[in-house]
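Notes for the one structure printed next.
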Amino acid sequence: MRDEGWLDDEGFLGAMEISETLPGLNAVNMAIIMGDNLRGIAGAAVSVIGMLLPGSIVVMVLGILYQSNHSNPELKRFLLGIAAAAVGLLSAVTLQIGRRQFRQLPDIAIVIITFLAVSSLKLQLFVVLLGIGPISVWLYRPHVSKPRAEDEHLPFHRGARHHLFRH
Amino acid sequence: MTRLIHLFLVFSLLSVLAVGGGTAVLPEMQHMTVHTFHWLTDGQFRSIYSLGQVAPGPNMLMVLVIGYKLAGWAGMVVVGIGFFLPDCIITLFVNRWWVRLGGWPWRTSIQRGLAPVAIGLMMSGTYAIAKLSIVNAQTLAIAVVVFGILLWRHINPGVLVLVGGAAYVLLS
């Protein structure tokens, strides 16, 4: 992006901020924002299609191959190994994005309560979001948040995670 | 037709609830597709999730395969639109308002407050896949080794998961 002269660092971080806060895949949200900022709605549409089309074709080819070979034991084991590797990958991504949250007590509490609400209590996602979300936002309501450097407000650490960006 | 409508409703609901990205909605997606609607088994859900890991681009594109498996090409289209379009529209609108919200103090509060919720949801998504895939010592070892390698070096995750799959075929 920077090499093409499309966006400066500040623009990139701003887009990242919106992408991480809004629902949806971060990479897709980023594509929308950058496309919209450069060329309006048409730009947003083109960049989302550009981001999703190649992967869609590949995943559908794999899906069709899987449909016709799904009882093959070797393939089953291969896919199980991939899922196990994905657990390692997702753990690393979560840790990397959540580094800041794992340091501060109120954040740790919200992380744990959210995790238990979904994974242990099996509450529905909208219940969890509507229940815990407002409480968590209230904890950081304007007059209690201490003035910090702008960078400190980002829920992630800048840099060093672009290779994991597709999550 | 009823199935297409159900697919659209389920995946568009997941779309607007995806605070924290695709991983954050995995438990709900698994619950709905496997337990509520009995569209897939746990094993099928896990296998389709793995296909998404191998394809380039966002790995949540695997939802297209779920749509295709359940209702053919129409299912694929309906799930793709349901899962991606609502978020795109939300992001487009918010992007245009965001700058104007610059001086609004709650903007930072919302960002700051939703961040730990998103992390908790991502942990739940990771745990959901772990419950489906960590079934023996070999799978546990693969997950731990991949985790360790990624903390240590920046290696293309797509290559790493392929190696993980091949390693399990050899180890089991």
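The values are calculated or read from the model by the stated rules, or taken from the named source; none is laboratory data. Given the structure is predicted, the values throughout are model-derived calculations rather than measurements. So basically every Cβ, Gly included, is an ideal-geometry build from the backbone, and we count neighbours across all protein chains shown.
Return the residue satisfying two criteria in turn: it lies in region B:143-172 and is within 15 Å of A:Ser91 (Cβ to Cβ) and within 20 Å of the chain's Cα centre (by Cα), and of such residues it is surrounded by the fewest Cβ atoms within 10 Å (Cβ to Cβ).
Once the filter is applied, the top-ranked residue is B:Phe147.
Among the residues of region B:49-69 satisfying the criterion of being β-branched (Val, Ile, Thr) and more than 7 Å from chain A (Cβ to nearest Cβ), which is farthest from B:His35 (Cα to Cα)?
B:Val63
Among the numbered criteria (1) at pLDDT 95 or above; (2) touching a helix residue (DSSP H, G or I) at 6+ places or on another chain (Cβ under 6 Å), which single criterion is violated by B:Val135?
Single failed check for B:Val135: (2).
Is it fair to say A:Val93 is of a type in the set (Val, Ile, Thr), at pLDDT 95 or above and on the phi < 0 side of the Ramachandran plot?
Spelling it out, it is not the case that A:Val93 is of a type in the set (Val, Ile, Thr), at pLDDT 95 or above and on the phi < 0 side of the Ramachandran plot.
Mind counting the residues in region A:71-82 that are surrounded by fewer than 15 Cβ atoms within 10 Å (Cβ to Cβ) and facing chain B (nearest Cβ under 7 Å)?
Count: 1.
Return yes when A:Leu130 is surrounded by fewer than 15 Cβ atoms within 10 Å (Cβ to Cβ) and in the same structural domain as A:Met30 (by TED's automatic domain parsing) and no when it is not.
no
May I ask you to say which residue of B:Gly43, B:Gly21, B:Gly75, B:Gly57 is surrounded by 19 or more Cβ atoms within 10 Å (Cβ to Cβ) and closer than 22 Å to A:Lys122 by Cβ? Reasoning before the result, please.
Values: B:Gly43 fails: surrounded by 19 or more Cβ atoms within 10 Å (Cβ to Cβ); B:Gly75 fails: closer than 22 Å to A:Lys122 by Cβ; B:Gly57 fails: closer than 22 Å to A:Lys122 by Cβ.
Unique residue meeting the criteria: B:Gly21.
When residues of region B:77-119 are filtered for being free of Cβ contacts under 8 Å to residues at least 60 places away in the same chain and assigned to a helix (DSSP H, G or I), how many remain?
The number of residues fulfilling the criteria is 23.
Being under 16 Å from A:Val59 (Cβ atoms), touching a Leu at 6+ places or on another chain (Cβ under 9 Å) and in contact (Cβ under 8 Å) with a residue 40 or more places away in the chain, is that true of even one residue in region B:130-137?
The answer is no, given that none of the residues of region B:130-137 is under 16 Å from A:Val59 (Cβ atoms), touching a Leu at 6+ places or on another chain (Cβ under 9 Å) and in contact (Cβ under 8 Å) with a residue 40 or more places away in the chain.
State yes or no: is B:Ala74 in a helix (DSSP H, G or I) and closer than 16 Å to A:Pro23 by Cα?
no
So, in region A:103-136, of the ones that are in contact with a Ser or Thr (Cβ under 6 Å, 6 or more places away or on another chain) and within 13 Å of B:Gly113 (Cα to Cα), which residue ends up farthest from the other protein chains (Cβ to nearest Cβ)?
My answer is A:Ile132.
A:Phe78: outside the structural domain of A:Phe115 (by TED's automatic domain parsing) and among the aromatic types (Phe, Trp, Tyr), yes or no? Outline the logic, then answer.
Values: outside the structural domain of A:Phe115 (by TED's automatic domain parsing): no; among the aromatic types (Phe, Trp, Tyr): yes.
In short, no.
Give the residue, chosen from B:Gly72, B:Gly158, that is more than 7 Å from chain A (Cβ to nearest Cβ) and in contact (Cβ under 8 Å) with a residue 12 or more places away in the chain.
Working: B:Gly72 fails: in contact (Cβ under 8 Å) with a residue 12 or more places away in the chain.
Exactly one residue qualifies, and that residue is B:Gly158.
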